[in-house]
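Down below is the structure, laid out as structure tokens.
The values are calculated or read from the model by the stated rules, or taken from the named source; none is laboratory data. Not measured: the values here are computed from a predicted model. A quick note on method: Cβ atoms are made from the backbone with ideal geometry, for glycine too, and the neighbour counts reach across all protein chains shown.
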Amino acid sequence: AENQPAGRLVYSMDALMNSRSRELFSIDPRAGLITTTQALDRESMELHYFRVTAADHGAPRLSATTMVAIAVADRNDHDPVFEQGEYRETIRENVEEGYPILQLRATDVDSPPNANIRYRFVNERAAHAVFEIDPRSGLITTSGPVDREKMERYSLPGPRSILRVTATDLDKDNNALVHYNIISGNSRGQFSIDSITGEIQVVAPLDFEVEREYALRIRAQDAGRPPLSNNTGMASIQVVDINDHAPIFVSTPFQISVLENAPLGHSVIHIQAVDADYGENSRLEYKLTGVSADTPFVVNSATGWITVSGPLDRESVEHYFFGVEARDHGSPSLSASASVTITVMDVNDNRPEFTQKEYFIRLNEDAAVGTSVLSVTAIDRDVNSAITYQITGGNTKWFRLVSGCGTYRHLCLVVW
């Protein structure tokens, strides 16, 4: 008898607790299948209660009821929101490390763990050396010396929107509601995508020197039952270099020696610096600092080679001390400085000179053999010069030159 029309069941459903639930769900009167009729929002209503009735077609009609409770599971579909759109704070310089500066607070209407918030800085490398933020509490403190003369103002911008992806669905209602997520290419976590709008944001610092291009694979999935998705969306993001690295000298200080007879144009020392940036941001130009017009050295601005540009004379100047600067072509340009010491080495380029041009002496004719007649002295401006003496003319074998006669070499009279 139950296979006759009297045994055919009809299902109906009544919302309890909140009439809004009736707008969000429906029941198939023949199959008893409960389905959604609109997009659900856990943050608006988390629990839905229904009384479901199954009635037959007999006479009299008999029925049974049951209670159905539907709990809406949380989906991470809400971004955290800061209590303020912008924070400003002033501190004095030279505060101690760990000094508390600012307390940030954000809220998320999702439920844990989707509502568990962690804080971090993005997009500003310079601030990372001076400040740090507690990832759990959001408290910003100092992590290094704060020097107003080096940096007067720090700006920490939030995530930046760079791209929006769009997918279309020819279905209607929930079946056409598309959600987006990144499924590959974001291993370092630099990007996020708004699941509703498809807007891609930078949420972690990018470094051109570490990775220059990202290929993000995007999934677009509808809200149908079962959900359908497309995993072929690709977003190619190229990172543009900024001038965020100052030049660094390969080795400092620079010290070298050069002979004083080095010709003009002689290469003395190669000053070399490197810059981790790219293109014009890494192209360096060199110049000497702390030099005067008569400094006998120049530097090639492109190669960094220091060459001789004027006469060298160790006896006049033995040491040269000056600086060298390497500056890149970025905007704004960054530079580095180093010291250079060049020592001029001696060559034998000075003749000995007697302290007198002529010597006059009177000598008695009865002077004894070995009598010291005259002390002659010559000087040589070169280093460690060894002077030897000899009589080159006018001697009729009555005189000879003797070393070690007193303090200086003496000319001593010898009778044969």
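Working only within the stretch 212-225, note down all residues that are part of a loop (DSSP other than H, G, I, E, B), charged (D, E, K, R) and surrounded by 12 or more Cβ atoms within 10 Å (Cβ to Cβ).
Arg212 - this is the single residue of the stretch 212-225 that is part of a loop (DSSP other than H, G, I, E, B), charged (D, E, K, R) and surrounded by 12 or more Cβ atoms within 10 Å (Cβ to Cβ).
Quick one: count up the residues across the stretch 155-184 that are outside the structural domain of Met234 (by TED's automatic domain parsing) and on the phi > 0 side of the Ramachandran plot.
Counting residues in the stretch 155-184 that are outside the structural domain of Met234 (by TED's automatic domain parsing) and on the phi > 0 side of the Ramachandran plot gives 0.
Only one of (1) under 23 Å from Leu40 (Cβ atoms); (2) touching a strand residue (DSSP E or B) at 6+ places or on another chain (Cβ under 9 Å) is not met by Thr142, so which one is it?
(1)
For the stretch 207-229, how many residues are of a type outside the set (Ser, Thr, Tyr), without any contact (Cβ under 8 Å) to a residue 60 or more places away in the chain and in contact with a strand residue (DSSP E or B) (Cβ under 9 Å, 6 or more places away or on another chain)?
12
Out of all the residues in the stretch 226-274, which are farther than 24 Å from Ser309 by Cβ, touching a Pro at 6+ places or on another chain (Cβ under 9 Å) and loosely packed, with under 15 Cβ neighbours inside 10 Å?
Listed by number, the list holds a single entry, Val274.
Which condition does Pro205 not pass, out of (1) under 17 Å from the mean Cα position of the chain (by Cα); (2) modelled with pLDDT of 85 or more; (3) assigned to a loop (DSSP other than H, G, I, E, B), if it passes all the others?
Only one criterion is unmet by Pro205, namely (2).
Out of Ile162, Ile193, Ile200, I need the residue that is touching a residue at least 24 places away in the same chain (Cβ under 8 Å), exposed (fewer than 15 other Cβ atoms within 10 Å of the Cβ) and hydrophobic (A, V, I, L, M, F, W, C). Which one?
From the options Ile162, Ile193, Ile200, the qualifying one is Ile162.
Pull out all pairs, ordered by first then second residue, where Cβ-Cβ is under 6 Å, the residues are six or more apart or on different chains, the first lies in the stretch 38-67 and is not assigned by TED's automatic domain parsing to the domain that holds Ala176 and basic (Lys, Arg), and the second is assigned to a loop (DSSP other than H, G, I, E, B) and surrounded by 14 or more Cβ atoms within 10 Å (Cβ to Cβ).
Correct list of pairs: Arg42/Val72; Arg42/Asp74.
Scanning for something under 30 Å from Phe254 (Cα atoms) and more than 43 Å from the chain's Cα centre (by Cα), does the stretch 315-323 turn up at least one residue?
Yes: the stretch 315-323 contains one or more residues that are under 30 Å from Phe254 (Cα atoms) and more than 43 Å from the chain's Cα centre (by Cα).
Return yes or no: is Ile200 closer than 30 Å to Thr36 by Cα, part of a strand (DSSP E or B) and either within 29 Å of the chain's Cα centre (by Cα) or at pLDDT 90 or above (or both)?
Yes.
Taking only pairs six or more apart or across chains, which ones have beta-carbon atoms under 7 Å, a first residue in the stretch 275-304 that is surrounded by 14 or more Cβ atoms within 10 Å (Cβ to Cβ), and a second residue that is β-branched (Val, Ile, Thr) and outside any strand (DSSP E or B)?
Taking only residues 6 or more apart or on different chains, the pairs are Tyr286/Ile271; Val299/Ile271; Gly304/Ile271.
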